[in-house]
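Working notes for the structure below.
The values are calculated or read from the model by the stated rules, or taken from the named source; none is laboratory data. Note that the coordinates shown come from a computational prediction; the quantities given were computed from them, not determined experimentally. Glycine also receives a Cβ, built like all others from the backbone with ideal geometry; neighbour counts cover every protein chain displayed. In case anyone asks, the SASA skips ligands and DNA or RNA and just uses the protein heavy atoms, side chains included. Shrake-Rupley method; radii C 1.70, N 1.55, O 1.52, S 1.80 Å.
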Amino acid sequence: MGINPCSRMPKSVLIAEDETVLRESLAELLKEEGYEVLQAPDGQAAYQIALDRPVDLVLSDVRMPVMDGIALLGHIQKIAPHTPFVVMTAYGTIESAVQAMRAGAYDYLLKPVQFDDVLMKVQRALQFAEMWRSQRVITEQLAEESTFHNLVGNSKSMIKLFDTVRKLSTVKSNVVICGESGTGKELFARAIHYNGVTREKPFVAVNCGGIPETLIESELFGYKRGAFTGANRDKIGYFEAANNGTLFLDEISTLKLGVQSSLLRVLEEKVVVPVGDTHPRQIDLRVIAASNQDLEKMVEEKLFREDLLFRLNVVKLVLPPLRQRKEDIPELVHHFLDKYTTKTNKSVLGLTNGAMRALLNYEWRGNVRELENVIERAVIFAEGREIGVEDMPFNADGISDDVGEDLKEALSQFERQHILYSLRRHNYDKAEVARHLGIGVSSLYRKLDELNIPKNVGETSAGSSSI
Ligand SMILES: Nc1ncnc2c1ncn2[C@@H]1O[C@H](COP(=O)(O)OP(=O)(O)OP(=O)(O)O)[C@@H](O)[C@H]1O
Ligand SMILES: [Mg+2]
């Protein structure tokens, strides 16, 4: 149970407790559960251990000789600020538990401690720390970026949207973000979170469409050990993991009506009850829901609960498709050029006018994501200092080369482009390309034939420049 499923390394718990009998029985209990246990009879000794090696959790008494639990907490926070700290205190000294929580302890246990309680709190604290750690990485990455939380845009519609994000910085209102695929819904959700009062708290993104229907409630609300087959330990849900911060529910339109009702109840009552549990947990967070479907229309069609939409729709952001804000294209192009020249260490300086015209004329069905992919590819294959129209997957009028309306024709054009892309990417090594495409080498040769790609493509200079 104390095993981390990713690394298969046991989690380590440092116990600081001056009562030997209690300390040793706790150590025994945790060892049996698979944790690695370190013991110290006072705060000073515990601090020495933590200086020597990383520990995953500290379980500490408050009153101890030499250095007490509160002082130890302060020291641990300096060397390992995200290590969860759980304090143990006697009934008569409950105010010291409050003091510890204020000073940043994750949780507390009242003495005499109940072993079940110890195991549950240790496990929850470790799970929380793990989620928190993965969220920290994102905060730190974002902090390095310059633009408005990575969002680029100068069009009127974008400026207005940025303004709304700024206005949301002091409140935790729920938000609905609508927009076609690739318009930046997730990026906006993160901007709202990191620009606001929630910035130091968790941001948890959940793709509702990616979770099987039977698991969705237990993933969102958590479950109790034994709640169903396979639930061999308690697990906190995304709601609790995102507590005090933001829960980003992507593709909200995929939720079935039953789950929508449960979600509504949680939002109204501000408590979650894990599956198989009866004990409600208070929550306070902001939900940002995203959808590329028209939720109002789904309400009319009785596929989405109107009352749930009201709850979520306190503020609504509608992200316009890229083809309706073409004035943003040049800035986005330069943003992605910077990103990918840095990444690939190439010295591409810019685009020819023809290439820019092609980008402006194109119907961006895949929106900013598609634009980003086009620029990434162009940078990878650019041979000179400028990207030309020949580096685009469409011509200067923004029309994909040679593609008519016929579906079969369009598919084979796509296949051709994709195989050429893969060939270039893997240095024309056919075995490697076949492996990445998931087909056999002889099938690849057949495809080359069908798609009129010379078999010796890339092997002679004439071959490569003719693509
Ligand atoms: N205004 C913008 N400025 C810079 N990059 C952007 C902008 N909008 C989107 N992007 C980039 O485009 C890509 C797609 O954005 P994102 O994932 O937020 O879109 P989405 O609307 O959530 O898409 P989907 O509906 O497919 O989930 C990301 O790489 C993102 O960084
Ligand atoms: Mg998305």
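Summary of computed values
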read-out	value
Residue-averaged [θ]222 nm for the chain, counting only DSSP H segments that reach four residues, each worth -39500 (n - 2.57)	-14000 deg cm²/dmol
Folded to 0 to 90 degrees: helix 43-52 orientation relative to the chain principal axis, Cα	30
Label point 7 Å beyond Cα of L303 along Cβ direction - residues of the stretch 197-217 with amide nitrogen under 15 Å	209
By average C-beta atoms within 10 angstrom, highest first, the peptides 438-449, 218-229, 108-119	218-229, 108-119, 438-449
Solvent-accessible area per residue for the chain (1.4 angstrom probe, square angstrom)	51
Using alpha-carbon coordinates, inclination of helix 329-344 to the longest axis of the chain, degrees	70
Under 5 Å, built H, 5+ apart or other chain: amide partners of L109	V87, M88, T89
Size of electric dipole in the stretch 147-193: Cβ of Lys, Arg +1 and of Asp, Glu -1, about Cα centre, debye, nearest 20	180
The stretch 261-320: relative contact order in percent, alpha carbon pairs under 8 Å with at least 6 residues between	31
Using θ = phi - 60° and Karplus 6.51 cos²θ - 1.76 cosθ + 1.60, couplings along the stretch 97-104 (whole Hz; Gly, Pro as x)	5, 4, 4, 5, 5, 5, 7, x
Degrees, to the nearest 10: 156-167 long Cα axis against longest axis of the chain	0
Length released on extending from N345 to E28, taking residue separation times 0.36 nm less the Cα-Cα span	108.7 nm
Kirkwood Rh and Cα Rg combined as Rg over Rh, evaluated for the chain	1.06
All lysines inside 24 Å of K297 as judged from Cα atoms, apart from same-chain residues fewer than 8 positions distant	K185, K256, K316
Net charge, R446 excluded, C-beta distance under 13 Å - Lys, Arg +1, Asp, Glu -1	0
DSSP-defined antiparallel bridges as percent of all bridges, the chain, nearest 5	15
Cα-based reach from K121 at 25 Å (exclusive), listing lysines while leaving out same-chain residues under 8 positions away	K11, K31, K78, K111, K201, K224, K235, K270
Total formal charge among the other residues, if their Cβ is under 12 angstrom from that of V299, Lys/Arg +1 and Asp/Glu -1	-3
Around Y47: net Lys/Arg minus Asp/Glu count, Cβ-Cβ under 15 Å	-4
Furthest towards positive pole of dipole, P212, L57, L38, structure part the chain, Cβ charges	L57
Dipole in debye (nearest 20) - the stretch 272-369, about Cα centre, beta carbon charges: Lys, Arg +1; Asp, Glu -1	440
For peptides 375-384, 192-201, sequence by mean Cβ density within 10 Å, most packed first	192-201, 375-384
22 Å Cα-Cα reach of K430 towards lysines, excluding residues that sit fewer than 8 places from it in its own chain	K447, K455
Within the accessible area of the chain (1.4 Å probe), percent carbon and sulfur	50
